[in-house]
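The values are calculated or read from the model by the stated rules, or taken from the named source; none is laboratory data. Everything numeric here is computed off the predicted structure, so don't read it as measured data. Glycine gets a Cβ as well: all are built from the backbone with ideal geometry, and neighbour counts include every protein chain shown. SASA here: full protein model, heavy atoms, side chains in, ligands and nucleic acids out. Shrake-Rupley method; radii C 1.70, N 1.55, O 1.52, S 1.80 Å.
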Amino acid sequence: MTKTMITGVQPSGNFTLGNYIGAIKNFVKLQKEHNSFIFIADLHGLTSYQKPEDIKNRILDLAALYLACGVDPNYTNFFVQSDVNEHGTLGFLIAFQCRVGELSRMTQYKSKKEKQGKEGIDLGLLIYPTLMAADILLYDAEVVPVGMDQKQHIEMTRDLGERFNKRYGSTFKLPDYYIPEVGAKIMNLQNPTEKMSKSAPIDDKGTIFILDDINITKKKIMSAVTDNDNKIYFDEENKPGISNLISIYSAITNKTIKEVEGMFVDQNYGTLKKEIASELERFILPIQERYNNYRYSDNLYKILNKGAKEAEKYASKKLLEVREKLGIKY
Ligand code: TYM
């Protein structure tokens with residue numbers, strides 16, 4: 001039977017090369033073989049304050065960008081999370097079954113707590129994984145393409161789904177993460193032991209934003225931090241900068257790490273960087289062109305509306321089943 005696949009991206013910050021390689025690339029590759037859903041996680045975006053006008057624009061930017069990256073609405077139900085009310089409702093019901101201890105062990109919460117102490121953290125950040133669980137369980141999704149940083153959330157989704165099934169009888173399918181072999185964690189080019197993050201400022205030299213001017217992107221690649229050894233091979237521990245560059249090259253050219261190592265065995269770092277810069281140009285420019293065509297077209301709204309209606313058909317059925325199981329549908 002065809003499996004259901006789902007993934008989402010928050011409309012906060014700017015879409016990075018890491019977001020593309022970690023999740024969207026795989027989604028696009030697999031969308032035709034699955035019953036596919038992809039959404040803009042605008043409710044998740046509310047866990048940290050952003051100006052409402054900025055959120056609105058980012059939702060549309062991201063929608064146009066998804067389509068430009070190859071999300072095909074003929075095969076995929078493509079929508080905005082808050083357009084389908086069932087996400088919020090199921091998120092609330094799932095939160096009731098979740099333990100504070102489980103939530104406070106999540107990396108995102110823990111690292112914020114270490115930085116600023118728990119008193120000042122919004123509840124949204126703590127309960128965020130329960131909404132994410134609802135996003136997935138609502139559609140009985142079994143395949144969830146994500147980057148490494150989301151693995152913990154998918155594991156928690158399984159736990160919460162299983163807990164519900166045990167208490168109330170089989171209701172949800174349990175998902176598996178689909179994490180790419182290469183590029184599950186693209187690192188910051190200036191600080192290759194830290195994740196490339198979309199909350200980085202636009203002038204961050206270590207972060208590649210897909211919609212940025214291509215000349216700036218090329219400069220960022222050319223100034224990426226490496227090491228003094230001048231030998232090109234993959235070793236994340238001892239050569240994090242070079243390994244990150246190899247991962248990027250491998251992901252955008254669909255070559256294996258071994259193939260890339262073979263190609264550059266007698267080359268210097270400058271040659272590797274130049275090759276990556278020109279491959280990125282080849283890869284990014286058509287995306288930017290398609291993005292510009294979608295961004296201000298009425299078609300964008302039509303696609304999102306249609307996607308939300310389709311998604312709602314599944315979501316409302318599932319929520320009804322959940323309410324019946326809980327005894328709150330008389
Ligand atoms: P978000 O918006 O932070 O990131 C979107 C996707 O990009 C991946 N990613 C990366 N992959 C590789 N290298 C990186 N440097 C990198 N940075 C980000 C993330 O792992 C993610 O797959 N909670 C999610 C959104 C979400 C979701 C869901 C995803 C909400 N509900 C249900 C899947 C299913 C998030 O904040 O992703």
Discussion item. Is it the case, given these coordinates, that Ser111 is open to solvent by 10 Å² or more (accessible area, probe 1.4 Å), more than 19 Å from the chain's Cα centre (by Cα) and either within 20 Å of Glu324 (Cα to Cα) or not β-branched (Val, Ile, Thr) (or both)?
Written reply: yes
Worksheet item: Within segment 305-330, restricting attention to residues that are in contact with a Leu (Cβ under 9 Å, 6 or more places away or on another chain) and touching a residue at least 24 places away in the same chain (Cβ under 8 Å), which residue is most open to solvent (accessible area, probe 1.4 Å)?
Response: Tyr314
Worksheet item: When you scan segment 145-255 for helices (runs of 4 or more DSSP H) that lie fully inside it, which ones turn up with 1 or more residues that are over 30 Å from Glu321 (Cα atoms) and either open to solvent by less than 50 Å² (accessible area, probe 1.4 Å) or of a type outside the set (Lys, Arg) (or both)?
Response: 214-222, 240-253
Item to complete: Could you tell me which residue of segment 47-81 is modelled with the lowest pLDDT, considering only residues that are among the hydroxyl-bearing types (Ser, Thr, Tyr) and surrounded by fewer than 18 Cβ atoms within 10 Å (Cβ to Cβ)?
Response: Ser48
Worksheet item: Given (1) in contact with a Phe, Trp or Tyr (Cβ under 9 Å, 6 or more places away or on another chain); (2) at pLDDT 95 or above, where does Tyr109 come up short, assuming only one miss?
Response: (2)
